[in-house]
1. So, in the range B:123-180, exactly how many residues are assigned to a strand (DSSP E or B) and among the aromatic types (F, W, Y)?
2. Scan the range A:39-71 residue by residue and report those that are part of a helix (DSSP H, G or I), more than 7 Å from chain B (Cβ to nearest Cβ) and of a type outside the set (K, R).
3. Residue by residue through the range A:62-98, note down the ones that are among the acidic types (D, E) and surrounded by 15 or more Cβ atoms within 10 Å (Cβ to Cβ).
4. Could you check how many residues of the range A:25-61 are aliphatic (A, V, I, L, M) and more than 19 Å from A:A144 (Cα to Cα)?
5. Out of the range A:14-32, which residues are more than 7 Å from chain B (Cβ to nearest Cβ) and either of a type outside the set (D, E) or in contact with a strand residue (DSSP E or B) (Cβ under 7 Å, 6 or more places away or on another chain) (or both)?
6. Of the residues A:T29, A:T19, only one is polar (S, T, N, Q), on the phi < 0 side of the Ramachandran plot and surrounded by 14 or more Cβ atoms within 10 Å (Cβ to Cβ); which?
7. Could you please find all residues in the range B:72-109 being closer than 14 Å to B:I173 by Cβ and part of a strand (DSSP E or B)?
2 protein chains.
Amino acid sequence: MALALDPAAQDLLFREAHTANTFTDEPVTDEQIQAVYDLVKFAPTAFNQSPLRVTLVRSREARERLVKYAMGANGDKTLSAPLTAVLSVDLDFHEKLPELFPHAPGIKDAYFSEATSREAAGTQNATLQAGYFILGVRAAGLAAGPMTGFDFAGINEKFFGDGKQKAFLVINIGKPGDDAFFPRSPRLAFEDAVATV
Amino acid sequence: MALALDPAAQDLLFREAHTANTFTDEPVTDEQIQAVYDLVKFAPTAFNQSPLRVTLVRSREARERLVKYAMGANGDKTLSAPLTAVLSVDLDFHEKLPELFPHAPGIKDAYFSEATSREAAGTQNATLQAGYFILGVRAAGLAAGPMTGFDFAGINEKFFGDGKQKAFLVINIGKPGDDAFFPRSPRLAFEDAVATV
């Protein structure tokens, strides 16, 4: 009983959830994605910078554009999913900081005036948010299929032509289809991942 | 009712949880951290690479060593917490891939023989795992206080002298103390963070 989270929620988010490789035709609604966003938006980022942007690739035409940049089996997986999300960093996230961190509006210029440090912080915090988002998809009773095997430079050019967003992860979302899951691979033992000093 | 996760779990992990800046003296046990790890270890990483390593800084002596690298108020926050975790990337995570991804042991050499690509993938995936870990701390009924305001190069030298681990986040863990929370800052509206194509 070391956890406060109830066992059904543990199973839904972690123990019984698996990365899905096939999906049914059942649609994923905008309402479901909004509920996911309205949940995971509360998880923390540094200075509340919230740099993650999500592009829902819903139309068949847009999905066919996207899979031109897929590697290996990721194209077929993506076409089989009812919805695909491209996760990206807003490289100009600092413009929203005075609104997002109102008790210290000077943070914007003090820490984020340079594009290089902004991209580093934005990438780190958007990646944290990607972890939250994957669990949020599961919280909606859906399966996520996150993939890094894409030509992200190509996606950036085709989908974010203004150069203000940098894609880093593509996630298929839906109800798992036939043979959707690989067998669970082993995880590192506690002793191999956690040390005490 | 767009979410399958029950409302109490939504509150525990996201809605009612806040980054804590002060902590009570109540200890955080090894059993609690093991329960957190044994939950969040199931969340996905690319090729199950699982590059996150967690160093629990528990003794007063080790905590005083750590806060030498803290910026601003992070040192006092850290000394006030019963437990602090340094999150790092194992830059040699590929050595464990044949065990972690047994159905395709060739991945280790095909994708991860070069230190540069290994560090990029390891950093991205360890950061996803950091997101899972923060929510796992909350799943244990504890508050997390994640911080990036540390001299990580100094931490690496002092705590990971062999150069095989790269620290990127420090998280205070415990029960929230007096005035532990800032007021909730605004989050981006759905329309400002999510687009559809």
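1. Applying the first criterion (assigned to a strand (DSSP E or B)) to the range B:123-180 yields B:143-147, B:150, B:165-174, B:176.
Next cut, among the aromatic types (F, W, Y) only: B:150, B:168.
Total meeting the criteria: 2.
2. Within the range A:39-71, the first condition is being part of a helix (DSSP H, G or I), and the residues that meet it are A:39-40, A:46-48, A:60-67.
Checking which are more than 7 Å from chain B (Cβ to nearest Cβ) leaves us with A:47, A:60-61, A:63-67.
Selection gives A:F47, A:E61, A:E64, A:L66, A:V67.
3. Start the filter on the range A:62-98 by keeping residues that are among the acidic types (D, E), which leaves A:64, A:76, A:90, A:92, A:95.
A:D90, A:D92 - these are the residues of the range A:62-98 that are among the acidic types (D, E) and surrounded by 15 or more Cβ atoms within 10 Å (Cβ to Cβ).
4. Residues of the range A:25-61 that are aliphatic (A, V, I, L, M), as a first pass: A:28, A:33, A:35-36, A:39-40, A:43, A:46, A:52, A:54, A:56-57.
Next, from what is left, pick out any that are more than 19 Å from A:A144 (Cα to Cα): A:46.
Number satisfying all stated conditions: 1.
5. Step one: list which residues in the range A:14-32 are more than 7 Å from chain B (Cβ to nearest Cβ), which gives A:16-18, A:20-30.
A:A17, A:H18, A:A20, A:N21, A:T22, A:F23, A:T24, A:E26, A:P27, A:V28, A:T29, listed by residue number.
6. Details: A:T29 fails: surrounded by 14 or more Cβ atoms within 10 Å (Cβ to Cβ).
Selected residue: A:T19, the only one of A:T29, A:T19 that is polar (S, T, N, Q), on the phi < 0 side of the Ramachandran plot and surrounded by 14 or more Cβ atoms within 10 Å (Cβ to Cβ).
7. B:L83, B:T84, B:A85, B:V86, B:L87
Read-outs throughout are calculated quantities, based only on the coordinates presented, and are distinct from any laboratory measurement. Predicted model, so just to flag it, every value in this text is computed and none were measured. Cβ coordinates were reconstructed from backbone atoms using ideal geometry, including for glycine residues, and neighbour counts include every protein chain displayed.
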